[in-house]
Number of protein chains: 2
Amino acid sequence: MYRTHNCGELNIGNVGIEVKLSGWVQKSRDLGGMTFVDLRDRYGITQLVFNMESEAELCGQARKLGREYVIQVEGVVAERSNKNKKIATGEIEILAKTLKVLNASETPPFTIEKDSDGGDELRMKYRYLDLRREEVRKNLELRHRMSIEIRNYMSGEGFMEVETPVLIKSTPEGARDFVVPSRMNPGQFYALPQSPQTFKQLMMVAGFDKYFQIVKCFRDEDLRADRQPEFTQIDCEMSFVERDDVLDAFEGLSNHLFKAIKGIEIEGRYPKMPYDEALRRYGNDKPDIRFGMEISELKEEVSGKGFVVFDSVEYVGAICAEGCAEYSRKQLDRLTDFVKKPQIGAKGLVYVKCNADGTFKSSVDKFYSQEDLKLWADKMDAKPGDLLLILAGDTGPTQKALSELRLEMGRALGYMDTDEFKPLWIVDFPLLEWNEDTQRFHAMHHPFTSPYEEDIELFTTDPGKVRAIAYDLVINGVEIGGGSIRIHNKDLQKKMFDNLGFTEEEAENQFGFLMNAFRYGAPPHGGIAFGFDRWVAIFAGLDSIRDVIAFPKNNSGRDVMIDSPSKIVQEQLDELFLDVKDIDK
Amino acid sequence: MYRTHNCGELNIGNVGIEVKLSGWVQKSRDLGGMTFVDLRDRYGITQLVFNMESEAELCGQARKLGREYVIQVEGVVAERSNKNKKIATGEIEILAKTLKVLNASETPPFTIEKDSDGGDELRMKYRYLDLRREEVRKNLELRHRMSIEIRNYMSGEGFMEVETPVLIKSTPEGARDFVVPSRMNPGQFYALPQSPQTFKQLMMVAGFDKYFQIVKCFRDEDLRADRQPEFTQIDCEMSFVERDDVLDAFEGLSNHLFKAIKGIEIEGRYPKMPYDEALRRYGNDKPDIRFGMEISELKEEVSGKGFVVFDSVEYVGAICAEGCAEYSRKQLDRLTDFVKKPQIGAKGLVYVKCNADGTFKSSVDKFYSQEDLKLWADKMDAKPGDLLLILAGDTGPTQKALSELRLEMGRALGYMDTDEFKPLWIVDFPLLEWNEDTQRFHAMHHPFTSPYEEDIELFTTDPGKVRAIAYDLVINGVEIGGGSIRIHNKDLQKKMFDNLGFTEEEAENQFGFLMNAFRYGAPPHGGIAFGFDRWVAIFAGLDSIRDVIAFPKNNSGRDVMIDSPSKIVQEQLDELFLDVKDIDK
């Protein structure tokens, strides 16, 4: 055994005992006749003392130690004169008697400290060094604790974790599958699952009743800032349930995690907000409800006064920024620039300052009287000192732009406290979504989502209005998970495939095994899947999921540490009956 | 909510209450004025009673129910007159008041019962129906319980579960990688991990100290009876440990599982048997030590008596089958046929019967006197009534054949009690293995395994004799896991690659990131990986891992249920810059 204790556990109660420690040299400093070395491991930092007077040779060796050397030391625990109350071991030090270098280290390419001097690219290349930093390690410790809590909670609630296959079948629908050529079946491919959706439904047909799995999923698509080609889902499914049974079950999981991990009791039930209402009030189907600043529709109030912009558009909406009437020209210009950015897409920004003296000043004073402006302010419950920010255009894009503006103002005004959590359910999503490119309806979630029974007749008259029994869990403006009650009737499933434009052959070829399973007694069932990476990131107070993944890939899907993906040798391609096309063409 | 209770929880204490149950029709029978339906779900079976006299219409509906219909019933819990003490709900029944068919079922292709009438192929195709059988479901429940126990135990011991990537880098060494073409990086491929070996070592370099993961691994090779292209490992690694620290830690895990899952206390420490000794005593590096019948070497005793077969061979070995002296000609012929099978490979079998009267009868009486045979029997501690079975040939193959014969006799004599468990460690494996095909040494485990320090000098004189600090956990003749202390010194690692015939470029290209990591303070470390599927199978008393996997693949690597692998469309190949060669050529 290379140690009797780790570097985080010795304290004043251990003074006088002989110990053996191993770890990494965090730093060392020579003070006159003494050399102090901070020895680090996963558990903490312990101070070692080498005495030049009494142990000259040993101290001489200690002075040669470089950063990140791996060493082993024997010595006696002593009380420190100069105590550090900030760390658990801060009241003691080890008077070193022996020193052994277990492994030397070259000078690392960046400092292993809270604020490292390494850039992103360098730290990703040397990820094993970046992982030594407490800040990075803590995220993975949190991830581990959350996974243990989730599994024990779910298991306690009667859910069984079942491993579904990773080598499955490719389906041309939806986002792109990674495929895997099979050597034993030349010319044929497996696919990696984008989710275990069909398998968990088969588990329900199999009578497993309550299933869950923390499972890797895969998507070969262009990576946005917060996407990874492989990511982890908490995948769940239940039988003999209606929507609210599912919501109750997973509100339970969520509350358990808040309590066990964050020490927070969420009060009351999570609000359930229909999709339409979320768009109307927040411009967005994953509203951050830590703060108000809701959107007001003003089309009626602003029309007919000769302002062509407002008169000609489909939609005019506004938010009220409390206490911002004093915003300067420059601040307002910055907001205008913000909403005009291509990813926000507004044409311009109209403001109304509700002055402290009860008057109004707006960028459209030419068209509207003080009374007009007062009407708007009253509708929005604006008080003197507030600032109204108004956007106009097509309904969808303008609501979306208002949502972005609202979040921008929320950030600016400090409304987004990372220690406050406001979960809610978004419900009643549309079942189908019109796709301009293909000129047909696509499933908004996936083709197994059940419509409300009373909406089924709309399939023939107004398919876009059919509501799905689908739901998302949203926390602080982040979609943490989503799910639905599934279709369990083979005729309805067939109708759904018809509506989505599948030929019978396509449906049979891609989902035949599920349709087949439905012939032998499928129970009513539904479920949900949570983005585990994202949930951990939210609890860690981080914006990106990359920081909660041990070995993430970059935006091109590359692992720069191991330099993957990479070319493979011709023999390997030959065995797979594959040729790589000339890429330069 | 579709139910107030499940089908396994109502008992005599619930008599009189109104309940709602949902589940599958296991079977129904009409007895005069009554119809009895066994309603099944994951939790059990509850008997429903429909009364033709009082509820004629309802009972009429019930008589139309087919097997595997999904139904919902409301009724009152009543005491049964005809109690079934074998099941938890056997003292009650439900007097049905309403009946609703939630989903009909076609007649399933095989019976959903303990002894199903469905063949293997059919049950695999309809796996979701096979999973409804209690016997199959119980294996997956066991798997779930074991995974929960493992995770909580490991977490309690300070191990952190860290997810390592599934999309990694292909290495031409060892068994075959599955590769995954990257759309975003044309002409380049990821590989699926055969194990997270290098990543867990990087976790140690990163200072994670104690890592574990229950993780899917992949191997694209011809499938033996008990192999699957995707399988699950319990992967573990520790820092600052020597061999016995690792063995202690995982003996703890093993003992915990025996206790928590099987209710068994394993007495004392697990024996540690060197590889050489295991071969000598059991002919095999994963001996089943539930019984003795050890191999005795007889070359010296049998030589020089004119029997050319024994005189000319390298090795003569024997086992003693207790109380088998009365074996008939036919029984002995069958054993001879057994050892001559190609997969056993012996040329013939020599027997010596130790008769009850103290005389001996052998198949080589022509060459050996009664005194000769007594000498053999004495060496083997054989008693009157025992049977000696002798094989001769080259050492390795003959030991292996004796091992098979020993196991065959152990089975025949009922020595292999599936409720008895005898774990042991096999230690001191050879580091290198000579490969006749390539005419060079290969790593017996993998190139990161550390040799014993005192054996390093043998590298230049007798590489085959270098012992590895490697170990396997063997339970009842099955290798459950294996691991080693790793090389943590970059110079020794380089020397190892040299000895394995890697050029510097190959080593750099394949393992550069690990070699690089070793430059920045790698701690001494070691670990182990267990075959989770196999461990579950052993605890379930099953021979094949296929029965503990929810959706296994067949011997050709096919999932016959979803019909995968399969062809993919040309557009998908084009996007991946791939062509499939003409396979018929």
Exercise. Go through the residues of segment B:299-315 one by one and say whether even a single one is in a loop (DSSP other than H, G, I, E, B), touching a Leu at 6+ places or on another chain (Cβ under 7 Å) and at pLDDT 95 or above.
Key: no
Practice problem: Inspect all residues belonging to segment A:192-210 and state whether any of them is in contact with a His (Cβ under 7 Å, 6 or more places away or on another chain), more than 7 Å from chain B (Cβ to nearest Cβ), over 28 Å from B:Thr164 (Cα atoms) and not charged (D, E, K, R). | Solution: yes
Practice problem: Look at A:Thr4 and say whether it is without any contact (Cβ under 8 Å) to a residue 40 or more places away in the chain and buried (at least 17 other Cβ atoms within 10 Å of the Cβ). | Solution: no
Practice problem: Give the number of residues within segment A:139-158 that are in contact (Cβ under 8 Å) with a residue 12 or more places away in the chain and either outside any loop (DSSP other than H, G, I, E, B) or within 9 Å of chain B (Cβ to nearest Cβ) (or both). | Solution: 13
Self-check item: Residue, most open to solvent (accessible area, probe 1.4 Å), within segment A:316-351, restricted to residues that are part of a strand (DSSP E or B) and within 18 Å of A:Lys400 (Cβ to Cβ)
Solution: A:Val350
Practice problem: From (1) assigned to a loop (DSSP other than H, G, I, E, B); (2) without any contact (Cβ under 8 Å) to a residue 24 or more places away in the chain; (3) in contact with a helix residue (DSSP H, G or I) (Cβ under 9 Å, 6 or more places away or on another chain), pick out the condition that doesn't hold for A:Ile568. | Solution: (3)
Practice problem: Taking B:Tyr282 as meeting all but one of (1) touching a Cys at 6+ places or on another chain (Cβ under 6 Å); (2) away from chain A (no Cβ under 13 Å); (3) of a type in the set (Phe, Trp, Tyr), write down the number of the exception. | Solution: (1)
Quiz item: Of these, A:Ile538, A:Ile528, A:Ile545, which one is aliphatic (A, V, I, L, M) and closer than 30 Å to B:Trp24 by Cα?
Solution: A:Ile528
Exercise. Output yes when any residue across segment A:520-527 is closer than 30 Å to A:Thr418 by Cβ, modelled with pLDDT of 90 or more and in contact with a strand residue (DSSP E or B) (Cβ under 9 Å, 6 or more places away or on another chain), and no when none is.
Key: yes
Quiz item: Among the residues of segment A:228-251, which ones are touching a Lys or Arg at 6+ places or on another chain (Cβ under 7 Å), open to solvent by 10 Å² or more (accessible area, probe 1.4 Å) and within 9 Å of chain B (Cβ to nearest Cβ)?
Solution: A:Glu230
Quiz item: Hey, B:Val49 hits all of (1) open to solvent by 20 Å² or more (accessible area, probe 1.4 Å); (2) touching a residue at least 40 places away in the same chain (Cβ under 8 Å) but one; which does it fall short on?
Solution: (1)
Quiz item: For A:Gly501, which of the numbered conditions (1) open to solvent by 10 Å² or more (accessible area, probe 1.4 Å); (2) facing another protein chain (nearest Cβ under 10 Å) fails to hold?
Solution: (2)
Exercise. Give the residue that is farthest from B:Leu573 (Cα to Cα), with candidates limited to residues of segment B:138-175 that are buried (at least 20 other Cβ atoms within 10 Å of the Cβ) and basic (Lys, Arg).
Key: B:Arg151
Quiz item: Restricting the search to segment B:222-244, which residues are part of a helix (DSSP H, G or I) and in contact (Cβ under 8 Å) with a residue 40 or more places away in the chain?
Solution: B:Arg243
Quiz item: Within segment A:435-449, can you find the residues that are outside any strand (DSSP E or B) and under 25 Å from the mean Cα position of the chain (by Cα)?
Solution: A:Met444, A:His445, A:His446, A:Pro447, A:Phe448
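Residues are listed down the side, and each one gets a yes or a no for (1) part of a helix (DSSP H, G or I); (2) within 14 Å of chain A (Cβ to nearest Cβ); (3) free of Cβ contacts under 8 Å to residues at least 40 places away in the same chain; (4) crowded, with 23+ Cβ neighbours inside 10 Å:
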| position | (1), (2), (3), (4) |
| --- | --- |
| B:Gln510 | yes, yes, no, no |
| B:Met515 | yes, yes, yes, no |
| B:Gly526 | no, yes, no, yes |
| B:Asp533 | yes, yes, no, yes |
| B:Leu542 | no, no, no, no |
| B:Arg546 | yes, yes, no, no |
Quiz item: Of the numbered conditions (1) modelled with pLDDT of 95 or more; (2) more than 26 Å from B:His442 (Cβ to Cβ); (3) under 21 Å from the mean Cα position of the chain (by Cα), B:Glu135 satisfies every one except a single condition; which is it?
Solution: (1)
Self-check item: From B:Gly263, B:Gly306, B:Gly268, B:Gly252, residue being in the same structural domain as B:Leu349 (by TED's automatic domain parsing) and small (Gly, Ala, Ser)
Solution: B:Gly306
Exercise. For segment A:276-298, name all the residues that are closer than 15 Å to A:Ile475 by Cα and part of a helix (DSSP H, G or I).
Key: A:Ala278, A:Tyr282
Quiz item: How many residues, within segment A:214-227, are open to solvent by 10 Å² or more (accessible area, probe 1.4 Å) and at the interface with another protein chain (Cβ under 10 Å from one of its Cβ atoms)?
Solution: 6
Practice problem: Out of the residues in segment A:473-491 that are touching a Leu at 6+ places or on another chain (Cβ under 6 Å) and of a type in the set (A, V, I, L, M, F, W, C), state the one that is nearest to A:Thr198 (Cα to Cα). | Solution: A:Ile480
Self-check item: Single condition B:Lys465 does not satisfy, out of (1) open to solvent by less than 20 Å² (accessible area, probe 1.4 Å); (2) touching a helix residue (DSSP H, G or I) at 6+ places or on another chain (Cβ under 6 Å)
Solution: (1)
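A quick yes/no check of all residues on (1) in contact (Cβ under 8 Å) with a residue 40 or more places away in the chain; (2) on the phi > 0 side of the Ramachandran plot; (3) crowded, with 18+ Cβ neighbours inside 10 Å:
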| site | (1), (2), (3) |
| --- | --- |
| A:Lys259 | no, no, no |
| A:Gly263 | no, yes, no |
| A:Pro271 | yes, no, no |
| A:Pro274 | yes, no, no |
| A:Ala278 | yes, no, yes |
| A:Gly283 | yes, yes, yes |
| A:Lys286 | yes, no, yes |
| A:Arg290 | yes, no, no |
| A:Ile295 | yes, no, yes |
Quiz item: Across segment B:15-42, what is the number of residues that are closer than 23 Å to B:Thr107 by Cα and either touching a residue at least 12 places away in the same chain (Cβ under 8 Å) or open to solvent by less than 20 Å² (accessible area, probe 1.4 Å) (or both)?
Solution: 17
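So that you can scan it fast, the table gives a plain yes or no per residue for (1) touching a residue at least 60 places away in the same chain (Cβ under 8 Å); (2) open to solvent by 20 Å² or more (accessible area, probe 1.4 Å); (3) more than 11 Å from chain A (Cβ to nearest Cβ):
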| site | (1), (2), (3) |
| --- | --- |
| B:Gly60 | no, yes, yes |
| B:Tyr69 | no, yes, no |
| B:Glu79 | yes, yes, yes |
| B:Ile92 | yes, no, yes |
| B:Thr98 | no, yes, yes |
| B:Lys114 | no, yes, yes |
| B:Asp117 | no, yes, yes |
Exercise. Within segment B:372-403, count every residue that is more than 17 Å from B:Lys353 (Cα to Cα) and either in contact with a Cys (Cβ under 6 Å, 6 or more places away or on another chain) or open to solvent by 60 Å² or more (accessible area, probe 1.4 Å) (or both).
Key: 3
Practice problem: May I ask you to verify whether A:Val560 is of a type in the set (Val, Ile, Thr), open to solvent by 30 Å² or more (accessible area, probe 1.4 Å) and more than 9 Å from chain B (Cβ to nearest Cβ)? | Solution: yes
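The values are calculated or read from the model by the stated rules, or taken from the named source; none is laboratory data. Treat the numbers as computed from the prediction; the structure is a model and nothing was measured. No Cβ is skipped: glycine too gets one built from the backbone with ideal geometry, and neighbour counts run over all protein chains shown. Accessible surface areas use protein heavy atoms only, side chains included; no ligands, DNA or RNA. Shrake-Rupley method; radii C 1.70, N 1.55, O 1.52, S 1.80 Å.
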